[in-house]
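What follows is a set of notes on a single structure, which appears directly below.
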Amino acid sequence: MASNPIKCPGCGQEVEFVYNPEGQDACPHCGSPPPAAAPSPKFNWLLFLGVLLAPAMFALGGAIGKIEGLAAGSPLVGGVIAGLLCGIYLAQRVGRTRASRLWLGFLFVSVFGCVSIILSFFGCLLGGFQMRMG
């Protein structure tokens, strides 16, 4: 059994609610139940996918429009930024503790950074972009 001090919503005193398999105990001072946990915010998949795919769309647009700076820069710069944003956003949603959010953040940032850069290169390829060196 784990216990943690929480402010009682009924009497306002610091109380250790003991969590057991049958349910939660009541406050020993006033008998009120412990406060309900705050609901976690909804995950916005449309925002997540939009950020992840934005560098690929910019690369595709740059390749189709023959804008070399956009076609070459968006996979590298935009892919890193998209990886950071998507990785942190997902780690905040999935991780339960501060340490798990930190480690999941490192993992997700690297994974989604690579995914976004690879998708951006496919956007360049789909647009027919050819890098001219020299």
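The values are calculated or read from the model by the stated rules, or taken from the named source; none is laboratory data. Note that the structure is a prediction, hence the values are computed from the model and not measured. Methodologically, a virtual Cβ is constructed for each residue, glycine included, from the backbone with ideal geometry; neighbour enumeration extends over all protein chains shown.
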Q) Could you give every pair whose Cβ atoms fall below 9 Å, whose first residue belongs to the stretch 79-93 and is touching a residue at least 12 places away in the same chain (Cβ under 8 Å), and whose second residue is surrounded by fewer than 19 Cβ atoms within 10 Å (Cβ to Cβ) and of a type in the set (Ser, Thr, Tyr), counting only separations of at least 6 or pairs across chains? A) GLY83/SER110; GLY87/SER110; ALA91/SER100; ARG93/SER40
Q | Residue identified as out of contact with any strand residue (DSSP E or B) (no Cβ under 6 Å at 6 or more places or on another chain) and modelled with pLDDT of 75 or more among ALA54, ALA38 | A | ALA54
Q: Name the one entry in LEU107, LEU119 that is of a type in the set (A, V, I, L, M), farther than 16 Å from PRO55 by Cβ, touching a Gly at 6+ places or on another chain (Cβ under 9 Å) and in contact (Cβ under 8 Å) with a residue 12 or more places away in the chain.
A: LEU107
